[in-house]
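To start, the structure itself, in structure tokens.
The values are calculated or read from the model by the stated rules, or taken from the named source; none is laboratory data. What you see is a predicted model, and the numbers here were worked out from it, not measured in a lab. Quick reminder, even Gly has a Cβ in these numbers, built from the backbone with ideal geometry, and neighbours come from all protein chains shown. Quick note on the areas: whole protein, heavy atoms, side chains included, nothing else; ligands and nucleic acids left out. Shrake-Rupley method; radii C 1.70, N 1.55, O 1.52, S 1.80 Å.
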Amino acid sequence: MPDPVNLPNPPELPVVGVLACRKRRANGTSYSRVNDVLADSLLRYARVLPLVIPPDEAAVGALDDLDGLVLPGSGSFVHPRFLGDAGAAREGREYDPDRDAAALALLRHARTLPDLPVLGSCRGMQEIGVSAGAALRDTEGAEAAVHRFVPDPAAGGDRWADAHPVDIRPGGLLAGLPGAFAGTSVPVNSQHSQVVHALPADVHVEALAPDGVIEALSVDHPARYVLGIQWHFEQHTGDSALNRTILESFGRQCRLRREKRKTC
């Protein structure tokens, strides 16, 4: 089957908003950033057109005219003040409070658009969890070494190599995807130092690591498509049937919303 991205007249693609991080230069100026590898994977595997959403709460209204929302991973941490934590920020950690505020505002507005698919990776999954009422905690002890994978330079130094397996739990969004993933164990990458826990009733655990860490979750399934993935599905996507299937399923939901919007 031809790649629709490379056809002379490609089909009209759904447009999805991708929340950017705010980065600051040494000279005091700032810029919004989305990694190329994520944009490329969305275009190639989900067959959607990524549109950068700046980390500003004023961008919330744009969701009404978009076909999907993506909350990507980042090297920054959710600031404690957005977790209801009166404690101070931890020294040495990068924070992005502009993104925190924008992500939570976008997710609040997304609840008013039940047909809007939402997909989060790593930090994005944590934002989905926090927005739904879950909590975050730091990895502890042996967890830290497993979930913040440090590559072996002698083996090529690939930080996105498979780090540990995840078990796909039955009855959820992931288990229902094409490919019969329910009940299987799938290797994934891992680059995080916090985990989601204390989930409310409307949040379903989609996948678990062998140590019990939540690796994927969904919110309001099956009424909505809101899926958080703790690993980076945009990395080495071509080598992972699960990652390809996740992006393909997101793309299908985006096309359904686009068709619905066109008929309204």
Relative contact order for the chain, counting Cα pairs under 8 Å that sit 6 or more residues apart, in percent: 20 percent
Taking K and R as +1 and D and E as -1, what net charge do the other residues with C-beta under 13 Å from the C-beta of A182 add up to? -1
Out of these labelled values of Cα Rg over 2.2 N^0.38 Å, (1) 1.07; (2) 1.31; (3) 0.97, which was calculated from the coordinates shown here? (3)
Using only the Cα atoms of the stretch 179-264, build the gyration tensor, take square roots of its eigenvalues as a ≥ b ≥ c, and label the shape rounded, prolate or oblate: rounded if a/c is under 1.5, else prolate if a/b is larger than b/c, else oblate. oblate
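State to the nearest 20 debye the size of the charge dipole of the stretch 147-264 about its Cα centre, where the only charges are +1 on K and R beta carbons and -1 on D and E beta carbons.
So the magnitude is around 800 debye.
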Within the chain: Cβ-based charge dipole about Cα centre, in debye rounded to nearest 20 (Lys, Arg +1; Asp, Glu -1): 620 debye
Within the set A88, A135, A58, GNM on the chain using Cα springs under 10 Å gives the largest fluctuation to A88
Among A105, A20, A155, which one shows the biggest mean-square fluctuation in a GNM of the chain, springs joining Cα atoms closer than 10 Å? A155
I'd like the distance separating the alpha-carbon centroids of the stretch 211-252 and the stretch 112-145, in whole Å. 12 Å
So what is the relative contact order for the stretch 152-229, in percent, with contacts set as C-alpha pairs under 8 Å and at least six apart? 27 percent
Of the beta bridges DSSP finds with both residues in the chain, what % are antiparallel, to the nearest 5? 60 percent
Summarise the accessible area of the chain (1.4 Å probe, protein heavy atoms) by the percent that is carbon and sulfur. 53 percent
Helical contribution to [θ] at 222 nm, DSSP H n ≥ 4, -39,500 (n - 2.57), averaged over the chain, rounded to 500: -7000 deg cm²/dmol
Among A155, N243, Y45, which residue has its Cα positioned farthest towards the positive end of the charge dipole of the chain, with +1 placed on the Cβ of Lys and Arg, -1 on the Cβ of Asp and Glu, and the dipole taken about the Cα centre? Y45
Relative contact order (percent) for the stretch 1-129, with alpha-carbon contacts under 8 angstrom and 6 or more residues of separation? 28 percent
Averaged per residue, the 1.4 Å probe accessible area of the stretch 95-198, protein heavy atoms only, in Å², is roughly 39 Å²
